[in-house]
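Here the structure is laid out as structure tokens; the discussion comes afterwards.
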Amino acid sequence: MAGTNNGAGASGNKGGAKDFTGRKIRAGVVGVGRMGRHHARVYAQLPDTQLVGVVDTNPERAEALAEQFGCKHFHSVSQLIEAGVDVVSVAVPTTYHVESTVPLLQAGVACLVEKPLAGDVEEAQKIKRAAETSGSVLMVGHIERFNPIMRALRKEQSEENAIVPRFIEVSRVSPMTFRSVDTSVVMDMMIHDLDVVIMLMGGREPDEVQASGVAVITEHEDICNARLTWRLPTGTCVANITCSRLALKTERITRITGENAYVKIDYGAKTGTMIRRLANEQQMIDVRESLRQGADLSNMKWHELVKIEELQVDEGEPIVEEIKAFLDAVKNNRRPEIDASAGLANVRTAERIIEAARKERGGKHIDVMAVSGRR
């Protein structure tokens, strides 16, 4: 997918290739809250970009950030377009993604939209159509792909003996922050892991979705478990994903069991362990035959039959690497890896999970007092 010119980013129209020779890429940010302020910081610091301005509904916050980074504070997306920006990060609440992103794309401005692409499939499709019609580059900000530990894993995947997943287990839990409480934990937190898991499955959405979730504090799922199944020519793969925003600790761990390897990655600690088969096939046959014959192998060191290694992690900041990838797609007028199609697949899968969870519990809200004694 990456590097192809298929729809978004095609040349010969408003969103076609721009010549940045001798000048910096003019950047803007719409929404400078928790994530948007980091986008503004990176644009202001990168040597090949110029932060032109920011837009935010909170004028005091926008003015303070504009003063900090030496740019302008605009009151609307249209003013930002008139200022002549080339690229814009959209970091407003998901509810406002369509109204903020579509005008930018139609004006030929490349957009990096914070995850998820939209709050539902219908709105995600509107944004996707705007990108395809205008030819403007559109990338979705699923930042876990740029986590150093995920980059290390993907480097291993690109080499020989790529992992063929058979079972994926994900745990993403944290205490309640009372942010993004207007949506399900599936759209808020699990969407990160849906992007990674679907990526590991070659961009293919699951064939089957089962889910169970409960709404405790908010009106939406605060805890959810999803079981996703892929039935591929190479075999079946199952992903079991659990997310909670009502935990007493923060944990972001993924375990991947494959045909020829096992991987454990810890996003928070930025550490990863990979176990690969080391013994040759004949040696494995001999061991199995010995077991069948009832041989005592208690003195055998099983770890000598495999190769255990730590993933080599760099120090790159995820948001910086994400924006660099976005700018690279813009400068080379190519489709970014996490494009509208990838973003739509994630939203569509999230919707399927939410629907399955609500069907399972009959759409009922769980009484807080009924479960408070258990936590």
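The values are calculated or read from the model by the stated rules, or taken from the named source; none is laboratory data. Just so it is clear, the structure is predicted and the values come from calculations on it, not from any experiment. Glycine gets a Cβ as well: all are built from the backbone with ideal geometry, and neighbour counts include every protein chain shown.
Across segment 144-159, what is the number of residues that are crowded, with 19+ Cβ neighbours inside 10 Å and either part of a helix (DSSP H, G or I) or hydroxyl-bearing (Ser, Thr, Tyr) (or both)? Spell out how you get there, then give the answer.
At the first step, the residues of segment 144-159 found to be crowded, with 19+ Cβ neighbours inside 10 Å are 144-150, 152-153, 156.
Subsequent filtering for residues that are either part of a helix (DSSP H, G or I) or hydroxyl-bearing (Ser, Thr, Tyr) (or both) retains 144-146, 148-150, 152-153, 156.
Residues in segment 144-159 being crowded, with 19+ Cβ neighbours inside 10 Å and either part of a helix (DSSP H, G or I) or hydroxyl-bearing (Ser, Thr, Tyr) (or both): 9 in total.
Of the candidates Val181, Val87, the single residue that is over 30 Å from Glu310 (Cα atoms) and at pLDDT below 95 is Val181. Being over 15 Å from Ala342 (Cα atoms), outside the structural domain of Pro206 (by TED's automatic domain parsing), out of contact with any helix residue (DSSP H, G or I) (no Cβ under 7 Å at 6 or more places or on another chain) and of a type in the set (Val, Ile, Thr) is a description that applies to Thr133.
Of the listed requirements (1) farther than 26 Å from Phe20 by Cα; (2) in a strand (DSSP E or B); (3) hydroxyl-bearing (Ser, Thr, Tyr), Ser89 misses just one: (1).
Considering segment 342-374, and only residues there that are modelled with pLDDT of 75 or more, out of contact with any strand residue (DSSP E or B) (no Cβ under 6 Å at 6 or more places or on another chain) and acidic (Asp, Glu), the residue that is surrounded by the fewest Cβ atoms within 10 Å (Cβ to Cβ) turns out to be Glu355. Selection of first residues in segment 318-339 that are over 16 Å from His39 (Cβ atoms) and assigned to a loop (DSSP other than H, G, I, E, B) and of second residues that are among the polar types (S, T, N, Q) and at pLDDT below 95, restricted to Cβ pairs under 9 Å at least 6 apart or on distinct chains, gives the following pairs, ordered by first then second residue: Asn333/Asn5; Asn333/Ser11; Arg334/Thr4; Arg334/Asn5; Arg335/Thr4; Arg335/Asn5; Arg335/Asn6; Asp339/Asn6.
Could you pull out the residue among Ala239, Ala247 that is small (Gly, Ala, Ser), surrounded by 13 or more Cβ atoms within 10 Å (Cβ to Cβ), touching a residue at least 40 places away in the same chain (Cβ under 8 Å) and assigned to a strand (DSSP E or B)? On inspection, the qualifying residue turns out to be Ala239.
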